[in-house]
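Asks: So that we are looking at the same thing, I have put the structure below in structure tokens.
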Amino acid sequence: MAELRRMPATTSSGECVFCAIGTGRAPAAFVHEDDEFVAIVDLRPVTTGHLLVLPRAHHADLAGLPPETGARMFTIAQQLAAALRRTDLRCDAINLFLADGKAAGQEIPHVHLHVIPRHPDDGFVLDADWRVRSREELIEVAEKVRAAL
């Protein structure tokens, strides 16, 4: 599926495409604009109404995103999710999705949050090894994460 969604990370002049959108140098269908953020309709939506929340400032990934900016990004996404539910678009549920890094599916190295309207037959699935893990494994993982905090 990633190959079907692939889009250029930069404009023809080499600028980050999301930076270009955030500064008005590239076109988009805007649903929100303020000094720090824009939210746009995704060019290749998973479902109709799929939105992206983008900081205007360039941050390649979550590690480089200031915590207060990340919090505000989620606040905007929450407001957009509520707005989607008030439209006549098909929206029985919402997924918020943030891919952080290429292995996670991040195609454009500018942190962004997807707001995806969902409905039972939309065809979007996340497939993984969902088996229940042992208590020992869970404790070991928790210890490693706590040690890294």
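Just so it is clear, none of the values below were taken in a lab; they were calculated from the coordinates. A quick note: this is a predicted structure, and the numbers were derived from the prediction, not measured. Note that each Cβ is placed from the backbone with ideal geometry, even for glycine, and that neighbours are counted across all protein chains shown.
Asks: In nm, to one decimal, how far is the modelled label at Phe30 from the one at Lys102, with both set 7 Å along Cα→Cβ?
Replies: In this crude label model, Phe30 to Lys102 measures out at 3.3 nm.
Asks: Please give the calculated 222 nm ellipticity per residue for the chain, where each DSSP H segment of at least 4 residues contributes -39500 (n - 2.57) and the sum is spread over every residue; nearest 500 deg cm²/dmol?
Replies: Value at 222 nm, helices only: -9000 deg cm²/dmol.
Asks: Compute the acute angle (0 to 90°) between the alpha-carbon long axis of helix 67-86 and the principal axis of greatest extent of the alpha-carbon atoms of the chain; round to the nearest 10°.
Replies: 70 degrees
Asks: Related question: Per-residue HN-Hα couplings for the stretch 137-142, Karplus 6.51 cos²θ - 1.76 cosθ + 1.60 at θ = phi - 60°, whole Hz, x for Gly and Pro?
Replies: 5, 4, 5, 4, 5, 4
Asks: Amide H neighbours of Asn95 under 5 Å, at least 5 residues apart or on other chains, H built in the peptide plane: list them.
Replies: Those qualifying (amide H under 5 Å, at least 5 residues apart or on another chain) are Ile116, Arg118.
Asks: Viscosity 1.567 mPa s, temperature 4 °C: give me the Stokes-Einstein translational D for the stretch 48-143 in µm²/s, with Rh taken as the Kirkwood radius over C-alpha pairs.
Replies: Answer, rounded: 84 µm²/s.
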